[in-house]
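What follows is a single structure, written as structure tokens, with notes after it.
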Ligand code: ADP
């Protein structure tokens, strides 16, 4: 499997009346197909900026961001975004929320609606398809938000601190849930988080960034048994070793 996404010597700065804020400095990394890349780094180092650049909401100043397959096949890579807030609309039922993206893209065919219903069923929300978002728990809402993205068949999922609005206990089980779904659906994902345990339990690789302007401090492949869920990984003896290794790097990165 090859690289799905490539950053090559990317530089980026924000410009305002008060001056320039350099955010990324010669940043290079790649994301392989089916990989789950967790990006960690000090607060304000540029993690969300990286996701906005991947989504094409902004352009790098120098360097390039490209999808190698897109170059070869001249097709657009479909990107799904998952944010801290689930942005489900209260006046719509769950099925109508989940099919909203299809509606906007004029893709709400019978077949696609059936696919949405199947995903709701598969991931335990079948009974709730006629419910309103407020009738669901925080975790179920995040699952519905993920399904809304999955029905569009994204090739790349971008997750921007998607669990940080949840309390600790819920956060663990929702992370487990969402991570397991993403793996079952064989998606490529990039997660940015300031929570190192979350990064290690969900990722197949962790990229540690320095203070702003961000550069790669280290890039660590995680070698857990594939069958382990994110929660099970937290109890694996390797987890603590990875945590300590990356924690050290993170502290160096902030110096
Ligand atoms: P992180 O996600 O790692 O916390 P961000 O990518 O959100 O970091 O932001 C990186 C830096 O850029 C921060 O110092 C932030 O204050 C600054 N920044 C973010 N967005 C803007 C903007 N629109 N204009 C100016 N500065 C910004």
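The values are calculated or read from the model by the stated rules, or taken from the named source; none is laboratory data. Computed from a predicted model, the values in this text were never measured in an experiment. Ideal geometry is used to build each Cβ from the backbone, glycine not excepted, and the neighbour counts take in all protein chains shown.
Among the residues of region 196-222, those that are within 17 Å of residue 235 (Cβ to Cβ) and out of contact with any strand residue (DSSP E or B) (no Cβ under 7 Å at 6 or more places or on another chain) comprise 197, 198, 201. The set of residues in region 193-205 being at pLDDT 95 or above and either closer than 18 Å to residue 6 by Cβ or within 14 Å of the ligand (Cβ to nearest atom) (or both) consists of 199, 204, 205.
From the list 23, 31, which residue is within 13 Å of the ligand (Cβ to nearest atom) and in contact with a strand residue (DSSP E or B) (Cβ under 7 Å, 6 or more places away or on another chain)? So the residue among 23, 31 that is within 13 Å of the ligand (Cβ to nearest atom) and in contact with a strand residue (DSSP E or B) (Cβ under 7 Å, 6 or more places away or on another chain) is 23. Residue 183 meets the stated requirement of being in a helix (DSSP H, G or I) and in contact (Cβ under 8 Å) with a residue 40 or more places away in the chain. Being closer than 21 Å to residue 209 by Cα, within 12 Å of the ligand (Cβ to nearest atom) and free of Cβ contacts under 8 Å to residues at least 24 places away in the same chain is a property that does not hold for residue 16. Helices (runs of 4 or more DSSP H) fully within region 68-160 that include at least 3 residues being buried (at least 20 other Cβ atoms within 10 Å of the Cβ) and modelled with pLDDT of 90 or more: 94-98, 110-122, 138-150.
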